Amino acid sequence: MHSESHHGPMCGPPVSLDAGMWSVAVGMYRHRYSFIAVGLRTGEDWLPDVAAIMRREVADPRGWRGDDPEVGEPELLEDPGFPFRVPPADEAGAAEWRSRLFEIPRSAVVRLLVMLATDAMDVARQYGFADRRLGMEEHAQVILSRFPEGSRFFTNTRHGGGLPDFYEKVTGCWPMSQYAWDFGLLAVSDDEIGLIWSFDAS
């Protein structure tokens with residue numbers, strides 16, 4: 001079984017990241033309309049790998065749990081990438097798709113991952129957040145630990161200059177799906193591509 005070491009949320013002794021820890025961590029999205037998947041990075045240009053993940057063409061390279069709320073839905077017969085707007089293959093289309101993403105520092109990722117699991121993707125509206133916060137942040141740390149130092153992180157949310165704080169209300173996004181609102185994290189390491197994306201289908 002593939003496992004690796006990462007530091008706990010308080011930077012204590014390393015603990016082993018394995019399939020069980022990952023499954024529990026991504027389980028915090030079980031009450032949201034969220035897509036969680038990881039695929040291999042196959043080249044310097046990682047956009048084709050993102051497209052392959054969105055079209056469900058690849059499996060998790062470690063065989064670990066993902067989450068796809070569209071499994072078995074008829075929309076996938078017509079559009080295997082539903083509900084995503086899959087990156088186009090042409091240069092101009094790919095450039096426009098990339099323009100909707102903004103790179104964020106590693107230090108902002110845990111709060112983004114927590115926000116993506118909250119009601120209405122708004123921490124202020126999450127019932128009992130003060131009591132749940134520590135556990136949610138621990139799950140987010142586990143997810144982050146799969147992507148080692150040197151990984152790059154992108155989101156499509158609007159935020160002010162400087163270090164984004166995703167516990168503050170997010171004022172908008174550049175949709176990456178067929179819905180008017182969606183927020184997500186695209187994680188890019190040397191070996192893997194991760195998508196953790198939540199949708200508002202209302």
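The values are calculated or read from the model by the stated rules, or taken from the named source; none is laboratory data. What you see is a predicted model; the values in this text were computed from it and never measured. Ideal geometry is used to build each Cβ from the backbone, glycine not excepted, and the neighbour counts take in all protein chains shown. Just the protein is used for accessible areas: all its heavy atoms, side chains included, with ligands, DNA and RNA removed. Shrake-Rupley method; radii C 1.70, N 1.55, O 1.52, S 1.80 Å.
Values for this structure:
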item	result
Other-chain or far-sequence residues with amide H under 5 Å of Leu17's (modelled H)	Glu4, Ser5, His6
Rg and Dmax [Cα atoms of segment 153-202; Å; Rg one decimal, Dmax integer]	11.9, 36
Candidates Phe129, Phe154, Phe183, ranked by Gaussian network fluctuation over the chain, Cα under 10 Å, top entry	Phe129
Accessible surface of the chain, 1.4 Å probe, proportion on carbon and sulfur as whole %	53
Overall dimensions of segment 119-188 by Cα: Rg and Dmax, Å	13.4, 35
Along each principal axis, Cα extent of the chain, largest first, Å	46, 38, 36
Selected from Pro74, Trp181, Ala51, residue furthest toward positive end of dipole (the chain; charges at beta carbon)	Trp181
Dipole magnitude (debye, nearest 20) for the chain, charges at Cβ of Lys, Arg, Asp, Glu	600
Debye-sum result for segment 26-99 in log10 I(q)/I(0), which assumes one identical scatterer on each alpha carbon, at q = 0.23, 0.26 Å⁻¹	-1.15, -1.27
Separation between Cα centres of segment 84-129 and segment 150-202, rounded to whole Å	1
Percentage relative contact order, the chain, counting C-alpha pairs under 8 Å, at least six apart	26
Fraction in percent of alpha-carbon pairs per bin - 10 Å, segment 80-124	22, 32, 37, 10, 0
Cα centre as origin, Lys/Arg/Asp/Glu Cβ charges: segment 49-147 dipole, Debye	540
